[in-house]
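Below you'll find the structure, written out as structure tokens, and then a few comments.
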Amino acid sequence: MKLEMKDQPGQLVAALQPISAVGGNIIAVIHQREPHAATEVLDVQIVLELPEGRLEKLLALLRQQGVKVVRIGEERLLYESTLIMIGHLMHTDISDTVDRIDTTGSAEVTELSLIMPAIDSPSSARITIRSTTRAEMERAIRILRKVAEQKDILIIEPLEGI
């Protein structure tokens, strides 16, 4: 959810309380204040889990708090992990490696950045995987490890916590 509210003390708390009141679980709050901004409006993005059927009640409570809901979107891939792969990635069919993760249905490769210094030299890639749950992320990383072992690829994992 992306919210707009007055940039004054207490407004963020006023926006978060209704989420708790309807049984929601706040996963992340992204709030960046521009120190020199001339506006009195604050943009806040909130990632949350909400029980089925509670969205309308939440929206009504937010309106009562004077919080404007600018955007609502469903994000199904909530967990992210970035790893490095080193080896002959192109020669061992990197698209097959990506497909093995993507076919799980609950994890996907969302970013892939490849560097190939020379045709006969090992290449390296930064790969970002997103998944629906922490368990599915762990499963996707296990798949990547197995593929890496089969294809003689070095995996440096994860660059950040899941």
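The values are calculated or read from the model by the stated rules, or taken from the named source; none is laboratory data. Since the model is a prediction, treat every value here as computed from it, not as a measurement. We place every Cβ from the backbone using ideal geometry, glycine too, and count neighbours over all the protein chains shown. SASA here: full protein model, heavy atoms, side chains in, ligands and nucleic acids out. Shrake-Rupley method; radii C 1.70, N 1.55, O 1.52, S 1.80 Å.
Of note, Ser81 satisfies the criterion of being crowded, with 16+ Cβ neighbours inside 10 Å, touching an Asp or Glu at 6+ places or on another chain (Cβ under 8 Å) and either without any contact (Cβ under 8 Å) to a residue 40 or more places away in the chain or not β-branched (Val, Ile, Thr) (or both). Is at least one residue of the stretch 127-139 open to solvent by 70 Å² or more (accessible area, probe 1.4 Å), closer than 12 Å to Glu80 by Cβ and outside any loop (DSSP other than H, G, I, E, B)? Checked against the condition, which is being open to solvent by 70 Å² or more (accessible area, probe 1.4 Å), closer than 12 Å to Glu80 by Cβ and outside any loop (DSSP other than H, G, I, E, B), the stretch 127-139 yields at least one hit.
Taking the stretch 72-115, which residues are closer than 30 Å to Leu50 by Cβ and β-branched (Val, Ile, Thr)?
Keep residues of the stretch 72-115 that are closer than 30 Å to Leu50 by Cβ, which gives 72-82, 101-111.
Within the stretch 72-115, Ile72, Thr82, Ile101, Thr103, Thr104, Val109, Thr110 qualify.
Mind counting the residues in the stretch 91-107 that are at pLDDT 90 or above and either open to solvent by 60 Å² or more (accessible area, probe 1.4 Å) or in a loop (DSSP other than H, G, I, E, B) (or both)? Of the residues in that region, 6 qualify. Looking at this structure, is Ile155 touching a residue at least 60 places away in the same chain (Cβ under 8 Å) and either hydroxyl-bearing (Ser, Thr, Tyr) or assigned to a strand (DSSP E or B) (or both)? Against the criterion (touching a residue at least 60 places away in the same chain (Cβ under 8 Å) and either hydroxyl-bearing (Ser, Thr, Tyr) or assigned to a strand (DSSP E or B) (or both)), Ile155 qualifies.
Taking the criterion of being under 19 Å from Ile127 (Cβ atoms) and either in contact with a Gly (Cβ under 7 Å, 6 or more places away or on another chain) or open to solvent by 20 Å² or more (accessible area, probe 1.4 Å) (or both), the only residue of the stretch 52-78 that qualifies is Leu78. For the stretch 16-49, the candidate set comprises residues that are at pLDDT 85 or above and in contact with an Asp or Glu (Cβ under 7 Å, 6 or more places away or on another chain); within that set, the residue that is least open to solvent (accessible area, probe 1.4 Å) is Gly24.
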